[in-house]
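Here the structure comes first, spelled out in structure tokens, and everything after it is commentary.
The values are calculated or read from the model by the stated rules, or taken from the named source; none is laboratory data. All values reported here derive from a predicted model rather than from experimental measurement. Backbone-built Cβ (ideal geometry, glycine too); neighbour counts: all protein chains shown. The protein model used for the area step is the full one, side chains on, heavy atoms only, and it has no ligands, DNA or RNA in it. Shrake-Rupley method; radii C 1.70, N 1.55, O 1.52, S 1.80 Å.
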Amino acid sequence: MIIRKPAGKGGAVPPPTEKEQQAFYDALWPAEERRPPSVRPAARRSGTGQTAPVRPPSPAAGKAAGAPPSPAAGKTVAPVRPLPPATEQPAAPDAPAPQSFATCDELLAYAQGFLRHHAAHGGRPLGLAYGREILAQLYLALQTDQLILLVGRSGTGKSSLARHFPEVFGFAPAEVIPVQPDWTDRSDLLGYYNPIDRSYVATAFLDALLRDCRLAAAHPERLYFLCLDEMNLAHVEYYFAEFLSKLQEPVPEIRLYSDTVARDIVRELRCNGFTDEEIARPDADRLLVRLDVRAMRMEERRYFISLCRMADMLARYPATVRIPRNVKFIGTLNQDETTLDLSPKVLDRSLVIRVEHAGGGTEETPDGTPAAYDRPARYQPLDRMAASKGAAPAKDGSDGLVTRLADELGLFYSPRQEACTFRDPRYPRWRRALGGNAAADAFLAMAVLPRLRLDVEAYAGRRQAVASFFRPYPVCRAIVDALGQGDAFDYWDAGRP
């Protein structure tokens, strides 16, 4: 169907009724996005008998357009731009400069104090206390491309850690999206293309993802965080399966709909008078003037609205979403009777951090006041930090660790996860920055212990082997001591009532 300019009886253009005008504007713009211009010239006839392009009057334009007056009439308002550019609010001129730290120990100590004492915009301090080993694991996990999972009982501060840890470095707080128990496939996470309406039904997660991807591409020096809260209320491998696979690729890309759909929509928009600029950045207010919507019949106006929606879909939701490496994904997991276990596929692509209790770092958190922590820390990759003062030589026993896991514990450690932990080219610099065997300890706690599930019979034969293997690693030893008191060993039973 090609939009045309129909003539009424005797060549005159039939004026729309007030009800038709109101229905047209209600369908074209949501109430909160409606921007009626203050001046709407009357329709005029040209010498050729055609109606000159005009802006159709809206019910808010005033009595001159035949509609009741509106509080918005007489005000000059900028036209709507459906897709704002990927920009962030500029920093205030008096914003404090980030504080630099030479060693990881100094940075982690400051992060502890920041999370407890920092008061944003003069408000109350955050009051969050975490052990230094938890923050070290999270900082190390951010160096990889794995999904980061924070596990613990309800009320241990998992969501708060995910939300506020980016603020330590002056980044935007993580966008927290709650997972629902009825999520069963990718459409619950990413939405879906509706072929009947030829539109995309998006979700809050997708809108946040697209925003962060645009910002991350424009600001590669910054990190952007998305947090899925209570991920194990539903089966993670059902709704997050595509992400789990795509995040391992060199250039992660998520496909929302086919390129054929996008080409067909572009072709139809061009056939109906849309320019390439209007397709890339649709402006309904300008299109109303250029395409002379007032000269259309009501069925053609409805078609014009559907064309605007298709153009808006292409601009807002591209067929393929490329995820920059500086977009990080964090999930929180509760441990109670209402949650589900994770499959081996999820564990193989994740690093799990146990957050035992909210006050775990109270004793070692530096004292201070909000004024002492009003500056964010400067973020830098862990492999660029100097070795901590007094750190032990970086010989952590990681050589041959994978073979020992198989021989002594019967545990298979996948090559995929080994490549992004112990066999990562940056690993020697990570362990130098953390000192001693802290890097190996963190990776064993995040990637190996979550796989360890031994029933009564298996644990009876390997109890001594488990204790002996993890004894040199303080974080792992504390977890093993807490979980290994019973007849069986199950990482995922810890903390459940």
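Is there a residue in region 299-312 that is surrounded by fewer than 17 Cβ atoms within 10 Å (Cβ to Cβ), free of Cβ contacts under 8 Å to residues at least 60 places away in the same chain and either in a helix (DSSP H, G or I) or touching a Lys or Arg at 6+ places or on another chain (Cβ under 6 Å) (or both)?
The answer is yes, given that some residue of region 299-312 is surrounded by fewer than 17 Cβ atoms within 10 Å (Cβ to Cβ), free of Cβ contacts under 8 Å to residues at least 60 places away in the same chain and either in a helix (DSSP H, G or I) or touching a Lys or Arg at 6+ places or on another chain (Cβ under 6 Å) (or both).
Of the conditions (1) open to solvent by less than 20 Å² (accessible area, probe 1.4 Å); (2) within 29 Å of H164 (Cβ to Cβ); (3) in contact with a Leu (Cβ under 8 Å, 6 or more places away or on another chain); (4) aliphatic (A, V, I, L, M), L233 fails just one. Which one is it?
Exception for L233: condition (1).
Quick grid of which residues meet (1) among the aromatic types (F, W, Y); (2) over 24 Å from the mean Cα position of the chain (by Cα); (3) open to solvent by 10 Å² or more (accessible area, probe 1.4 Å); (4) at pLDDT below 90:
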site	(1), (2), (3), (4)
A78	no, yes, yes, yes
P82	no, no, yes, yes
A91	no, no, yes, yes
G113	no, yes, no, no
L140	no, no, no, no
Q143	no, no, yes, no
I148	no, no, no, no
R153	no, no, yes, yes
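Is it true that some residue in region 258-266 is open to solvent by 40 Å² or more (accessible area, probe 1.4 Å), more than 29 Å from A172 (Cβ to Cβ), out of contact with any Cys (no Cβ under 6 Å at 6 or more places or on another chain) and at pLDDT below 90?
Keep residues of region 258-266 that are open to solvent by 40 Å² or more (accessible area, probe 1.4 Å), which gives 258-260, 263-264.
In the following step, the residues that additionally are more than 29 Å from A172 (Cβ to Cβ) were identified as 258-260, 263-264.
Of the ones still in play, those that are also out of contact with any Cys (no Cβ under 6 Å at 6 or more places or on another chain) are 258-260, 263-264.
Keeping just the survivors that are at pLDDT below 90 gives none.
So far as region 258-266 goes, no, none of its residues is open to solvent by 40 Å² or more (accessible area, probe 1.4 Å), more than 29 Å from A172 (Cβ to Cβ), out of contact with any Cys (no Cβ under 6 Å at 6 or more places or on another chain) and at pLDDT below 90.
How about region 270-294: which of its residues are among the aliphatic types (A, V, I, L, M) and not in a helix (DSSP H, G or I)? So that I can check it myself, show each step before the final result.
At the first step, the residues of region 270-294 found to be among the aliphatic types (A, V, I, L, M) are 279-280, 284, 287-289, 291, 293.
If the condition is that a residue be among the aliphatic types (A, V, I, L, M) and not in a helix (DSSP H, G or I), then L291 is the only one that fits.
Here is a list: R431, R477. Which entry is in contact with a helix residue (DSSP H, G or I) (Cβ under 6 Å, 6 or more places away or on another chain), surrounded by fewer than 19 Cβ atoms within 10 Å (Cβ to Cβ), of a type outside the set (S, T, N, Q) and within 30 Å of Q380 (Cα to Cα)?
Values: R431 fails: surrounded by fewer than 19 Cβ atoms within 10 Å (Cβ to Cβ).
Only one candidate qualifies: R477.
Could you check R423 against (1) outside any loop (DSSP other than H, G, I, E, B); (2) of a type outside the set (V, I, T); (3) under 29 Å from the mean Cα position of the chain (by Cα) and say which number it fails?
(1)
State yes or no: is D212 farther than 20 Å from T339 by Cα, open to solvent by less than 30 Å² (accessible area, probe 1.4 Å) and among the acidic types (D, E)?
Numbers: farther than 20 Å from T339 by Cα: yes; open to solvent by less than 30 Å² (accessible area, probe 1.4 Å): yes; among the acidic types (D, E): yes.
Criteria met by D212.
Here is a list of conditions, (1) at pLDDT 90 or above; (2) open to solvent by 80 Å² or more (accessible area, probe 1.4 Å); (3) within 28 Å of the chain's Cα centre (by Cα), and P415 meets all of them except one; can you say which number that is?
Exception for P415: condition (1).
What is the one condition in (1) within 30 Å of A241 (Cβ to Cβ); (2) open to solvent by 40 Å² or more (accessible area, probe 1.4 Å) that E106 does not satisfy?
(1)
I need the full set of residues from region 242-255 which are within 17 Å of T203 (Cα to Cα), over 14 Å from the mean Cα position of the chain (by Cα) and part of a helix (DSSP H, G or I), in order please. Outline the logic, then answer.
First, pick out the residues of region 242-255 that are within 17 Å of T203 (Cα to Cα): 242-243, 254-255.
Okay, now just the ones that are also over 14 Å from the mean Cα position of the chain (by Cα), so 242, 255.
Across region 242-255, the qualifying residue is only E242.
Report whether or not Q464 is more than 23 Å from S154 (Cα to Cα) and among the polar types (S, T, N, Q).
Values: more than 23 Å from S154 (Cα to Cα): yes; among the polar types (S, T, N, Q): yes.
Criteria met by Q464.
Take A406 and tell me if it is without any contact (Cβ under 8 Å) to a residue 12 or more places away in the chain, in a helix (DSSP H, G or I), open to solvent by 20 Å² or more (accessible area, probe 1.4 Å) and of a type in the set (A, V, I, L, M). Before you say what the answer is, go through the steps one by one.
Details: without any contact (Cβ under 8 Å) to a residue 12 or more places away in the chain: yes; in a helix (DSSP H, G or I): yes; open to solvent by 20 Å² or more (accessible area, probe 1.4 Å): yes; of a type in the set (A, V, I, L, M): yes.
For A406, the condition - without any contact (Cβ under 8 Å) to a residue 12 or more places away in the chain, in a helix (DSSP H, G or I), open to solvent by 20 Å² or more (accessible area, probe 1.4 Å) and of a type in the set (A, V, I, L, M) - is met.
Restricting the first residue to region 409-426 and requiring it to be within 17 Å of A442 (Cα to Cα), which pairs with a second residue that is surrounded by 19 or more Cβ atoms within 10 Å (Cβ to Cβ) and aromatic (F, W, Y) meet a Cβ separation below 6 Å and a spacing of at least six or different chains?
So the pair list comes out as T421/F443.
Could you grab the pairs with beta carbons closer than 6 Å, sequence gap of 6+ or different chains, first residue in region 147-175 and under 18 Å from A97 (Cα atoms), second one open to solvent by less than 40 Å² (accessible area, probe 1.4 Å) and among the small types (G, A, S)?
Cβ pairs passing all conditions: P166/A174; V168/A111; V168/A377; F169/A377.
Run down R463, R416 and say which single residue is in contact with a strand residue (DSSP E or B) (Cβ under 9 Å, 6 or more places away or on another chain) and basic (K, R). It would help to see each step written out before you state the result.
Values: R416 fails: in contact with a strand residue (DSSP E or B) (Cβ under 9 Å, 6 or more places away or on another chain).
Checking each option against the conditions leaves just R463.
Is one or more of the residues making up region 96-103 assigned to a loop (DSSP other than H, G, I, E, B), at pLDDT 90 or above, touching a strand residue (DSSP E or B) at 6+ places or on another chain (Cβ under 9 Å) and open to solvent by less than 40 Å² (accessible area, probe 1.4 Å)?
Yes, there is a match, as at least one residue in region 96-103 is assigned to a loop (DSSP other than H, G, I, E, B), at pLDDT 90 or above, touching a strand residue (DSSP E or B) at 6+ places or on another chain (Cβ under 9 Å) and open to solvent by less than 40 Å² (accessible area, probe 1.4 Å).
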